[in-house]
Amino acid sequence: VQLQASGGGLVQAGGSLRFSCAASGRTLSSYAVGWFRQAPGKEREFVTRIKWTGSRIYADSVKGRFAISGDNAKNTVYLQMTNLKPEDTGVYYCAVVRDLGGTYYDQGDYDYWGQGTLVTVSS
């Protein structure tokens, strides 16, 4: 599976951005797709995950502000980010794992990763 992430950029606090993670090579319908982020000087952390069953989970820090969704026809997953805060700054990565029923919070669960896309939120 090859993943192409796009949509990063510079935004002011309170603004919005939308990421896309387009997959090729396999359809995502049997995969879980996650987003992770890495802030400067920090370890990469879980942000959100979606399964094609509709199951979604979010990190507490982004609940109510971020929304993950998928378009099966386009084989693409989106991350809509609203009310962005400076602490949301970082490199964002999408990743996939074949869905075998796990929760998939841990980055070690994921098999394929897209390139990172940078978000900078200015205060």
Under 25 Å between alpha carbons - lysine pairs in the chain that sit 8 or more apart or on different chains
5
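Test of understanding: express the Cα radius of gyration of region 59-117 as a ratio to 2.2 N^0.38 Å, with N the residue count.
Numbers: Rg = 12.8 Å, N = 59, 2.2 N^0.38 = 10.4 Å.
Here the answer is 1.23, to two decimals.
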Cα-based Rg (one decimal) and Dmax (whole number) for the chain, in Å?
13.4, 41
Taking Cα pairs closer than 8 Å and at least 6 residues apart, the relative contact order of region 49-123 in percent is 28 percent
Computed Kirkwood radius, in angstrom, where 1/r is averaged over Cα pairs of region 1-67:
13.6 Å
Taking every DSSP beta bridge with both residues inside the chain, roughly what % is antiparallel (nearest 5)?
90 percent
Extending each Cα 7 Å along its Cβ direction at Thr82 and Ser61, get the distance between those two points in nm, one decimal.
2.1 nm
Please identify which residues in region 39-79 have an amide N closer than 15 Å to a label point set 7 Å out from the Cα of Asp106, following the Cα→Cβ vector.
45-46
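Values quoted throughout were computed directly from the atomic coordinates according to the rules given, and no laboratory measurement underlies them. Keep in mind that what you see is a predicted model, and the values were worked out from it rather than measured. As a convention, Cβ positions derive from the backbone with ideal geometry for all residues, glycine included, and neighbour counts pool all protein chains shown.
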